[in-house]
Amino acid sequence: MIARTEALAGAAQGAEPGGKAFSAFLAARRGQDPDWLAEARADAFARFSERGYPSRRDEDWKYTSVEAIAATEFAAAPRPNPAALSPWLELRGAGAPLRVVLVNGRFERALSSLEALPAGLTVSSLKEALAADAEGARTLLLASRPAEDAFTALNTAFCEDAVLIRAAPGAAVGPPLEVLNLATTARAPFALRPRVALALGPGARLTLLDCHAGCRDDDVYFSNALLDADLGPGALLEHVRVEEEARSAFHVSACRVSAAAGAAYESTFITLGGRLARNSLHVVLAREEARCDLRGLYCVAGEQHADHHTFIDHAAPKTTSRERYKGVLDGQAQGVFCGRILVRPGAQKTSAEQSNDNLLLAREAAAHSTPQLEIYADDVQCRHGSTVGQLDEEMLYYIRSRGIDREAARGLLTYAFGNEVIGQIGFAPLRERLSRRLLEATGAARGQKE
Amino acid sequence: MLKITNLQARVAGGKQILNGVNLEVRPGEVHAIMGPNGSGKSTLAHVLAGREGYEIIGGTVEFRGQDLLALAPEERARAGVFLAFQYPVEIPGVSNMFFLRTALNEIRRHRGEEELDAMDFLALVKKKMKIVDIDEALLKRPVNAGFSGGEKKRNEIFQLAVLEPALAILDETDSGLDIDALKTVAWGVNAMRSPERAIVMVTHYQRLLEYIVPDRVHVLAGGRILRSGGKDLALHLEEQGYKWVKDETAGVR
Ligand SMILES: Nc1ncnc2c1ncn2[C@@H]1O[C@H](COP(=O)(O)OP(=O)(O)OP(=O)(O)O)[C@@H](O)[C@H]1O
Ligand SMILES: [Mg+2]
């Protein structure tokens, strides 16, 4: 069993973090944050205070209400005894030999496995990065980013730590790097603000397994995660993001990626947990021949709500994007997909492809799918499609005619639908664990005695 | 084994297709059903397999002493009915092996037999592969997805060989097969013949019946069995076509 260690640290933040909470936080950071960081926090907090949490009147939040987040008082994240957490790391991790562990948003070197870092790869905590190269850390953390919103501002204002990852020019990092974000159990709801800043030098390659998980399903916490990635010319980032938060948790994340000439960003977002999960993914294809390939699967049930907002900014000619998201919605679950594609003037010979397919397994489940195409260039290839449907009756009949009952046949087809996305994950231990999880969740595991 | 009495069925809320079918099949027998396009052969096969969307408006079907029409499709399969589809359904994302092992283990479980583990299943598959000469690569691919017409038919017979039903209904399994494939499939079906098993084949071609010699041949037209006979009836049809059927059914109406 895992010991419940609940050393609550810092001042509680109000239902909507107020000035007092922020001042207390800044004071606690004194001596750790250089001036530029304290200023950046103050700016971010001012931006948040001005606008507050978004409401459903905001076009981007039309289908997703964050009222429950706004109404909850989230305390600062507890600091559990790291030694007690190792069983959870095995259950919730990706199983990569190279691993960074963040507990409640804080880099835990003792739980991480970074002894055998491949040449050209550096991984450091915020504190380490500030000590080693403060200017470098500043550039990496605060490079000007589009898509600032209330949640990215909150992360900047209140994040206690960060993982800074750099791959040197030409470094082709073979083994994947796992960043496991674990949220623990506490007496009261708390907020954690995991943050990753990543830069790949020209021609560098890296696979990042970005896992977000909780321990017990009734843990109430709010993960306000942020990842920024800069891909140099010709760099390749494979980003696998697995969200398995506690069923009572809130997860609002943003990933902001910028790809230079010939760089490629390939992502697989798997969203399984959380009472509310919102993932914003903003990709800027900034220079010629940058490309991205985004895949996603959200598989939710009960009262869960999963929202994916993607925004691909084709800012240069000959840029390519491909995007395929799938949703499986059971119970009263709600799935939201909004795929915005912007082709800027002059971004000729651009091609963009988008699809979103949803499987509704119950009458009260719902899917909202909105493509948003804004095309300001004329030599462009753009395709998009979205579907919301039930399982195919012909397929169900065929399967049943072979002796498999309706429930199991539904499970089999649901598994097949979702596993198509999971099957794209290259790293076998994670792929197999997620496949197995889907197999069990859909009931398709029956008849497959080992 | 199978006793169909005055079976009448229609598309739910629509047109009547079966107008009183009578057919009795005993264990060990092979029956061929022939008849013009649209005469109701596939409908009969699907009504026996339990497809939804048909309404039974009269008659009975008894299978090994049970009321077959009262069972769900999966219960019929577990009781020993197998239909090789005229148009096998593609199921992307589910591998043939995974699918078949799930099916076999469901059937075995309901028969009170031990489920097969991965090793034993593989051994069984290897044995059955030889019977229908199916390419191992096909077994690893998703069920029927992107299979050629002939590969799909061969896969149906492979499933038949693995599931070993008491009653096999083959709906135009010979259509779309090249000459060599036809021989292989026929050989596979013959290998499945046994005193405990009955086979009902729907076909348009007398050629198949040269390889799988039937005990009885029936002509289904206008939703009923118009004529029954020995294997010579098929030869007769090959020469005469179905013009006489039109005359006879016209006379009836
Ligand atoms: N679900 C359905 N809805 C509407 N019509 C149907 C349906 N099922 C069958 N029919 C009609 O019933 C008739 C019989 O069809 P069936 O497929 O049983 O013929 P068949 O004898 O197998 O023909 P073929 O030799 O061409 O395979 C056809 O006219 C067909 O269009
Ligand atoms: Mg037919």
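The values are calculated or read from the model by the stated rules, or taken from the named source; none is laboratory data. Because the structure is a prediction, the values reported are computed rather than measured. Using ideal geometry, Cβ is built from the backbone for each residue, glycine included, and neighbour counts are taken over all protein chains shown. Please note that ligands, DNA and RNA were not included when accessible areas were found on the heavy atoms of the full protein model with its side chains. Shrake-Rupley method; radii C 1.70, N 1.55, O 1.52, S 1.80 Å.
On the given criteria, is A:S401 small (G, A, S) and surrounded by fewer than 20 Cβ atoms within 10 Å (Cβ to Cβ)? Answer is no for this residue.
Note on segment A:55-75: residues that are in a helix (DSSP H, G or I) and open to solvent by less than 20 Å² (accessible area, probe 1.4 Å) total 2.
Results for (1) touching a Gly at 6+ places or on another chain (Cβ under 8 Å); (2) assigned to a helix (DSSP H, G or I); (3) over 30 Å from A:E178 (Cα atoms), shown as yes or no for each residue.
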position	(1), (2), (3)
A:Q372	yes, no, yes
A:Q381	no, no, yes
A:H384	yes, no, yes
A:E394	no, yes, yes
A:A416	yes, yes, no
A:S435	yes, yes, no
A:L439	no, yes, no
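Has segment A:431-450 got at least one residue that is within 14 Å of another protein chain (Cβ to nearest Cβ), over 16 Å from A:L272 (Cα atoms) and acidic (D, E)? For segment A:431-450, residues within 14 Å of another protein chain (Cβ to nearest Cβ), over 16 Å from A:L272 (Cα atoms) and acidic (D, E): present.
Taking first residues from segment A:314-326 that are within 12 Å of A:K349 (Cα to Cα) and partners that are of a type in the set (S, T, Y) and open to solvent by 30 Å² or more (accessible area, probe 1.4 Å), the Cβ contacts under 7 Å between residues at least 6 apart in sequence or on separate chains come to A:T320/A:S351.
Which one of these is among the hydroxyl-bearing types (S, T, Y), in a helix (DSSP H, G or I) and within 27 Å of A:A188 (Cβ to Cβ): A:T139, A:T156? Talk me through it step by step, then tell me what you get.
Numbers: A:T139 fails: within 27 Å of A:A188 (Cβ to Cβ).
Answer to the selection: A:T156.
Scanning segment B:73-123 for residues that are open to solvent by 30 Å² or more (accessible area, probe 1.4 Å), of a type in the set (G, A, S) and more than 8 Å from chain A (Cβ to nearest Cβ) yields B:S95, B:G112, B:A123. Say we look at segment B:175-197 and pick out the residues that are touching a strand residue (DSSP E or B) at 6+ places or on another chain (Cβ under 8 Å) and within 20 Å of B:Q86 (Cβ to Cβ); which of these is nearest to ligand 1 (Cβ to nearest atom)? Checked segment B:175-197; the qualifying residue nearest to ligand 1 (Cβ to nearest atom) is B:V189. Of the listed requirements (1) away from chain B (no Cβ under 14 Å); (2) in contact with a Phe, Trp or Tyr (Cβ under 9 Å, 6 or more places away or on another chain), A:Y398 misses just one: (1).
For A:D357, the conditions (1) in contact with a strand residue (DSSP E or B) (Cβ under 9 Å, 6 or more places away or on another chain); (2) assigned to a loop (DSSP other than H, G, I, E, B); (3) within 14 Å of chain B (Cβ to nearest Cβ) all hold with the exception of (2).
Taking segment A:171-248 as the region of interest, the strands (runs of 3 or more DSSP E) fully inside it that hold 3 or more residues being within 16 Å of the chain's Cα centre (by Cα) and assigned by TED's automatic domain parsing to the domain that holds A:N155 are A:177-182, A:195-200, A:205-213, A:221-231, A:236-244.
Take the conditions open to solvent by 20 Å² or more (accessible area, probe 1.4 Å) and more than 7 Å from chain B (Cβ to nearest Cβ) and apply them to A:G411. Does it pass? Against the criterion (open to solvent by 20 Å² or more (accessible area, probe 1.4 Å) and more than 7 Å from chain B (Cβ to nearest Cβ)), A:G411 does not qualify.
Quick check on B:A12: is it closer than 21 Å to B:A70 by Cα, of a type outside the set (F, W, Y) and surrounded by 17 or more Cβ atoms within 10 Å (Cβ to Cβ)?
No, not satisfied.
If we scan segment A:341-353, do we find a residue that is crowded, with 21+ Cβ neighbours inside 10 Å and either in the same structural domain as A:G418 (by TED's automatic domain parsing) or closer than 29 Å to A:G273 by Cα (or both)? For segment A:341-353, residues crowded, with 21+ Cβ neighbours inside 10 Å and either in the same structural domain as A:G418 (by TED's automatic domain parsing) or closer than 29 Å to A:G273 by Cα (or both): present. Here B:K41 fulfils each of the conditions (1) under 21 Å from B:F63 (Cα atoms); (2) away from ligand 2 (no atom under 16 Å from the Cβ) apart from (2). For segment A:92-127, a residue qualifies if it is touching a residue at least 24 places away in the same chain (Cβ under 8 Å), open to solvent by 10 Å² or more (accessible area, probe 1.4 Å) and part of a helix (DSSP H, G or I), and the qualifying residues are A:R92, A:A110, A:L111, A:K127.
The number of residues in segment B:145-162 being of a type outside the set (G, A, S), open to solvent by 10 Å² or more (accessible area, probe 1.4 Å) and within 13 Å of chain A (Cβ to nearest Cβ) comes to 1. Which ones in segment A:249-262 are open to solvent by less than 10 Å² (accessible area, probe 1.4 Å) and in a loop (DSSP other than H, G, I, E, B)? The answer is A:A249, and nothing else.
Conditions (1) in a helix (DSSP H, G or I); (2) within 16 Å of ligand 2 (Cβ to nearest atom); (3) touching a residue at least 60 places away in the same chain (Cβ under 8 Å); (4) under 17 Å from the mean Cα position of the chain (by Cα), marked per residue:
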| site | (1), (2), (3), (4) |
| --- | --- |
| B:I131 | yes, no, yes, no |
| B:L138 | yes, no, no, no |
| B:K152 | yes, yes, yes, yes |
| B:N155 | yes, no, yes, yes |
| B:A161 | yes, no, no, yes |
| B:S175 | no, yes, yes, yes |
| B:K183 | yes, no, no, no |
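Do we have B:G38 as open to solvent by 50 Å² or more (accessible area, probe 1.4 Å) and more than 10 Å from ligand 1 (Cβ to nearest atom) here? So B:G38 does not fit the description; no. Please go through segment A:19-54 and pick out each residue that is surrounded by fewer than 12 Cβ atoms within 10 Å (Cβ to Cβ), on the phi < 0 side of the Ramachandran plot and not charged (D, E, K, R). Hits for segment A:19-54 are A:G19, A:A27. If you go through segment A:282-317 and pick out every residue that is under 12 Å from the mean Cα position of the chain (by Cα), surrounded by 23 or more Cβ atoms within 10 Å (Cβ to Cβ) and either over 26 Å from A:D217 (Cα atoms) or at pLDDT below 95 (or both), you end up with 1. Check off (1) open to solvent by 30 Å² or more (accessible area, probe 1.4 Å); (2) modelled with pLDDT under 95 for A:L373 and give me the number that stays unchecked. The single condition A:L373 does not satisfy is (2).
For every residue, the table says whether it meets (1) open to solvent by less than 30 Å² (accessible area, probe 1.4 Å); (2) farther than 21 Å from B:R26 by Cα; (3) in contact (Cβ under 8 Å) with a residue 12 or more places away in the chain; (4) not in a strand (DSSP E or B).
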site	(1), (2), (3), (4)
B:A191	no, no, yes, yes
B:L220	yes, no, yes, no
B:S228	no, no, yes, no
B:L237	yes, yes, yes, yes
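Within segment B:163-170, not a single residue is touching a Gly at 6+ places or on another chain (Cβ under 6 Å), more than 27 Å from B:M1 (Cβ to Cβ) and either away from ligand 2 (no atom under 16 Å from the Cβ) or within 14 Å of chain A (Cβ to nearest Cβ) (or both).
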